[in-house]
Structure formats: structure tokens, C-alpha cells
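Undergrad: Handing you this structure, nothing more for now.
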Amino acid sequence: MASTPKIVVTGGEKELQAITKELGYLGNPKWVLARYGAAVRHAMKPVLEAAKGFVPTKSHNLKNSLIITGRRIKGKMITEARVGVNTDAIFLNKNAGGGLDASVAKNPIVYVASVEFGNKNGMMAQPFLRPAYLVTGQPQHIIPRVQDFLKKAIIKRTNFLSKGVK
């Protein structure tokens, strides 16, 4: 017999914990985890928009490559979301002739780190992720957005269950 995963909310407010408990009564644990994952990703949208507002824009490549990623940590039943760069993005560099060349493209993660923190080649730091987090990504900003999303999920699920499957 497979064990039923538990939903545990660490930190946050008591209301969020109560909402999560109520969600647990409305569906199987996988559905509940999926709703929670969607809520966390939804709560990160303002952080993404703020990061796009702070990012230095020469070519808009970095701005256009910013995304929200979400994942569940196996074995711990933890869902998290992050704002970062799409790892499939390509940032072209100038070749010896002065044109853009994919053969000397920078790794997106290295490029973001160079912009955010600066690098040893003299590139000055131009933070955009940290300010976005400070303005819109603190727990006091995220928790209410997660709560609102989950409350709507409870209403939708309750309406669905009250209609029954036809």
C-alpha cells in the first residue's frame, strides 16, 4: 500500500496553513500539490515583472529570456518557484570581425551571474534579480498571493465537486 503524501506548510501565516488543510479535504494529494505548485508560480509573477523592469536592456535578450520555473523536491514534498533565465536561451558575443557569433555564445547562467554580480573581466554589477526580490518577493508579498490563489482553487474545486461528474 502506497503511503499518502502529506502537505506541510512551513512558515507563513496560520491562514495559509488552514487553506492548505482545507485543500487536502477536496482532492487527492497529487491534485493538492499541483494546486500548491501553481499557486507558488503564480505568486512569483510580480517578481518576474519587477526583474524585467530592473534588467539592463541593450538588446532585450536577457529581459526576454527571464522565466519562472517551478519544481517539486522529491522525497520532501516541497514545491518551489524561482525567477531566472531560460537555460535554452542563447546570448551571442561579438566575434573577431565585430559581428555576432553563436560559436562564442555565453552560457545563459554565466551571463546572468555576470550581469547580476559583475565579473573579473571588469563588467560592473547591474543587479536586477535581488532588487526584484526585495520589492516583490519577500514572504510578506508572496504569502498573500499564494493564499488568494489557493482560495480560488478551493472555490473552483468545491463547485466542481458539488456538480458531480456527469
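Just so it is clear, none of the values below were taken in a lab; they were calculated from the coordinates. What you see is a predicted model, and the numbers here were worked out from it, not measured in a lab. Don't worry about glycine lacking a Cβ; one is built from the backbone with ideal geometry, like all the others, and counts go over all protein chains shown.
Undergrad: May I ask which of K14/K74; K74/K163; K58/K152; K21/K52 have a Cα-Cα span longer than 30 Å here?
TA: From the list (K14/K74; K74/K163; K58/K152; K21/K52), the Cα-Cα distance tops 30 Å for K74/K163; K58/K152; K21/K52.
Undergrad: Right, another one. Mind ordering 119-127, 18-26, 143-151 by average Cβ neighbours within 10 Å, highest first?
TA: Result, highest mean Cβ count within 10 Å first: 143-151, 18-26, 119-127.
Undergrad: Below 12 angstrom from the Cβ of T158, what's the summed charge of the other residues (Lys, Arg +1; Asp, Glu -1)?
TA: Summing Lys and Arg as +1 and Asp and Glu as -1 gives +4.
Undergrad: I need K63, K74 ordered by Cβ neighbour count within 10 Å, fewest first.
TA: K74, K63
Undergrad: What is the local net charge at V135, summed over the other residues whose Cβ is closer than 13 Å to its Cβ (Lys, Arg +1; Asp, Glu -1)?
TA: That sum, taken over residues with Cβ under 13 Å, equals +1.
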